[in-house]
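Before any comments, here is the structure.
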Amino acid sequence: MFRKDPPYSTRRRCRIPAPVISPLSALLLIPALAFSAFAQQDAQPVQNVVPQNQSATSNDRLFSILPNFLTLEDAANAPRMTSGDKFKAVARGAFDYGQFIWYGLLSGVSQAENSEPGFHQGAEGYGKRYGAYFADGTIENFAVGAVFPSLFRQDPRFYQSSHGGVLRRLGYAASRIVITRGDSGSAQFNFSEIVGSAVASGISTYAYHPHSDRTIANTASVWGSQVGYDTLSIIFKEFWPDIRRKIYHQKPLAPVSGAASASAAATQ
């Protein structure tokens, strides 16, 4: 899910018309980000005390439209998510009205640029592009935010920092593409993102995109673009609270309560 999330919903994510980053560059970037993340991990200690009144997700929206439910602000002690919580949270964002608007805009741009000409033009071509964007985003969001986090027992949420200078926060956010929290609270390599986005790229490319796109090289290009976009998306989300407060003159959002919070707290 542009992860998992054009700046949209749950981490995660739709097909990019043009590559944002080459697969080779993405592969070279991953070890560097991992080293940087582990180097600064001591500055981000994970506490195990969980307040009972804190939720597992938020109600935040980017620009009041795009769902940003898996981003938490100042929430080092957020309750652990069960597998059911992960799937519910992703479904909540994947089928949100903001996503349908976003996919409609992307489909219009794609049609105007005649990207993936195998879809052709006209109403039928727009419908095919819309369906492809919706499927791409939904598959990637579930793969990165629910399926693989459940398999690898990892936390799909992004914990916004808000501490330190711009460069430190920039480095922290960028490193989250390769470093995530496990359900236990420990830092782990982000298999959910890297493996999940690769699997989602393969499924979408070979399942319903034009036959001319169904090559290993194109699949790798889509995967590299997705990882690159997800990195930019996470960086944007790190600074989004600052942008939101300046635009809307708001105080930081408090996590909301809900069924996900109750069920997660019960597992502690």
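Kindly establish whether A76 is modelled with pLDDT of 50 or more, surrounded by fewer than 18 Cβ atoms within 10 Å (Cβ to Cβ) and not in a helix (DSSP H, G or I).
yes
Are there any pairs with C-beta distances below 6 angstrom linking a residue in segment 182-193 that is closer than 17 Å to A78 by Cα to a residue that is part of a strand (DSSP E or B), with the two at least 6 apart or on different chains, and if so which?
Pairs found: G182/Q154; G182/Q188; A187/I179.
So, V166, is that one modelled with pLDDT under 95 and among the hydrophobic types (A, V, I, L, M, F, W, C) or not?
For V166, the condition - modelled with pLDDT under 95 and among the hydrophobic types (A, V, I, L, M, F, W, C) - is met.
Tell me, which residue of segment 82-101 that is over 15 Å from the mean Cα position of the chain (by Cα) and of a type in the set (F, W, Y) is farthest from D136 (Cα to Cα)?
The residue in question is Y97.
Evaluate the following for R153: is it under 22 Å from F236 (Cα atoms) and either at pLDDT below 95 or touching a strand residue (DSSP E or B) at 6+ places or on another chain (Cβ under 7 Å) (or both)?
no
The values are calculated or read from the model by the stated rules, or taken from the named source; none is laboratory data. This is a predicted model, so every value here is computed, not measured. Note: ideal-geometry Cβ built from the backbone for every residue, glycine included; neighbour counts use all protein chains shown.
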